[in-house]
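Remarks on the structure that follows.
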Amino acid sequence: MIDLHSHSTCSDGRLAPAELVAAAAENGVKTLALTDHDTVEGLARAGSAAASHDMAIVSGVEISVTWQRRTLHIIGLAFDPESPALTSGLAGIQASRLERAERTATKLEKLGIAGALARASVLAGEGQIGRPHFARLMIEDGYCKNMQQAFKRYLRPGKPGYAATEWASLTDAIDWIQAAGGIAVLAHPHGYGLSGAWRRRMVAAFAEAGGDAMEICTGTSKAEHVAVSARDAREYGLLASVGSDFHAPEQHWLSLGGLRPLPGDLTPVWQDTRFRTMA
Ligand code: AMP
Ligand code: MN
Ligand code: MN
Ligand code: MN
């Protein structure tokens with residue numbers, strides 16, 4: 001079983017890298033990519049944890065990108081985690097995350113949530129701070145009853161707790177990943193709330209910018225999503241990737257390695273010559 005999209009406490013996931021690896025092994029995953037938001041911090045820990053399970057880790061990252069005033073996520077796979085081009089690019093995004101967190105906290109404090117930045121920072125620990133940490137605060141304080149509601153009412157664009165930021169450009173993200181020897185993958189193409197026309201525009205722009213692959217099967221993909229994405233991948237000549245986007249055991253609607261099969265005519269990313277697991 002293979003799963004090429006997952007999160008740990010190094011970003012907005014709830015399991016530490018070693019716990020994530022154990023949970024994946026428990027589910028029968030043999031090849032796992034840890035793809036934290038804008039950081040490669042957890043890879044070494046995941047790699048050493050995998051040694052005590054019958055499992056291999058693929059280096060991964062999920063880079064935040066701004067394209068056409070929208071946020072997209074570009075996954076890097078099988079790169080050198082020490083590549084200076086990649087790590088300096090990620091350092092810039094990490095600075096934007098912190099600065100955005102300060103503006104988010106100011107907005108939430110106006111809504112009555114005292115000490116939002118300090119409290120979200122505690123929840124994030126040493127990991128990259130993100131909107132899900134603020135969502136957890138709002139649930140704790142009784143502003144909403146779950147993450148979905150926190151995003152819908154407060155943290156989405158246009159809502160009172162949303163602070164916009166400029167992430168990496170699409171071409172920069174792809175270039176950093178490829179400069180590090182990796183494969184650039186367009187994450188969850190159905191996860192951006194785009195119309196069909198905009199989704200195709202996005203896939204075309206990604207392919208045009210030199211992107212390599214797109215996710216066809218995610219933890220929440222319906223059969224028709226797989227069919228539509230497979231058509232996009234064929235049309236734009238992209239490789240196919242699969243990943244649950246696991247964040248937490250509480251997400252009972254998805255599981256590590258719980259993925260639909262890839263349509264047989266697509267070329268999986270793991271057949272690409274650049275694809276390798278960590279030593
Ligand atoms: P950020 O990168 O800090 O803007 O946070 C984005 C993250 O928030 C995503 O990677 C998801 O993990 C989470 N997220 C986004 N939208 C929702 C939602 N509607 N419900 C729950 N979690 C969400
Ligand atoms: Mn996330
Ligand atoms: Mn994502
Ligand atoms: Mn993700």
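List of remarks:
- Scanning segment 117-160 for residues that are assigned to a loop (DSSP other than H, G, I, E, B) and within 20 Å of residue 11 (Cα to Cα), we see that the one that is modelled with the lowest pLDDT is 126.
- Residue count for segment 38-53, restricted to those that are within 18 Å of the chain's Cα centre (by Cα) and assigned to a loop (DSSP other than H, G, I, E, B): 5
Matching residues to (1) in contact with a strand residue (DSSP E or B) (Cβ under 8 Å, 6 or more places away or on another chain); (2) away from ligand 1 (no atom under 13 Å from the Cβ); (3) in the same structural domain as residue 37 (by TED's automatic domain parsing); (4) among the charged types (D, E, K, R):
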position	(1), (2), (3), (4)
63	yes, no, yes, no
67	no, yes, yes, no
71	yes, no, yes, no
78	yes, yes, yes, no
81	yes, yes, yes, no
84	no, yes, yes, no
99	no, no, no, yes
109	no, yes, no, yes
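- Candidates 204, 233, 209, 240 - the one that is farther than 20 Å from residue 8 by Cβ and either open to solvent by 30 Å² or more (accessible area, probe 1.4 Å) or not assigned by TED's automatic domain parsing to the domain that holds residue 60 (or both): 204
- Taking the criterion of being closer than 22 Å to residue 5 by Cβ, part of a helix (DSSP H, G or I) and more than 16 Å from ligand 3 (Cβ to nearest atom), the residues of segment 175-197 that qualify are 175, 176, 178, 179.
- Some residue of segment 190-211 being within 16 Å of ligand 2 (Cβ to nearest atom) and free of Cβ contacts under 8 Å to residues at least 12 places away in the same chain: yes
- Segment 61-77 - residue that is open to solvent by 30 Å² or more (accessible area, probe 1.4 Å) and closer than 17 Å to residue 130 by Cα and, of those, nearest to ligand 4 (Cβ to nearest atom): 73
- Of the residues making up segment 28-42, those that are within 12 Å of residue 56 (Cα to Cα) and either of a type in the set (Val, Ile, Thr) or buried (at least 24 other Cβ atoms within 10 Å of the Cβ) (or both) are 29, 31, 32, 33, 34.
- When residues of segment 78-93 are limited to those that are of a type in the set (A, V, I, L, M) and out of contact with any Phe, Trp or Tyr (no Cβ under 7 Å at 6 or more places or on another chain), the one surrounded by the most Cβ atoms within 10 Å (Cβ to Cβ): 90
- When the residues of segment 1-27 are filtered to those that are within 11 Å of ligand 2 (Cβ to nearest atom) and either touching a helix residue (DSSP H, G or I) at 6+ places or on another chain (Cβ under 7 Å) or open to solvent by 30 Å² or more (accessible area, probe 1.4 Å) (or both), the one that is nearest to residue 259 (Cα to Cα) is 6.
- Number of positions in segment 148-179 that are more than 30 Å from residue 88 (Cβ to Cβ) and exposed (fewer than 14 other Cβ atoms within 10 Å of the Cβ): 6
- Selection status of residue 52, hydroxyl-bearing (Ser, Thr, Tyr) and away from ligand 3 (no atom under 14 Å from the Cβ): yes
The values are calculated or read from the model by the stated rules, or taken from the named source; none is laboratory data. Because the structure is a prediction, the values reported are computed rather than measured. When we count neighbours, we look across all protein chains shown, and the Cβ atoms used for this are built from the backbone with ideal geometry, even at glycine. We work out accessible area using only protein heavy atoms, side chains counted, and drop any ligands, DNA or RNA first. Shrake-Rupley method; radii C 1.70, N 1.55, O 1.52, S 1.80 Å.
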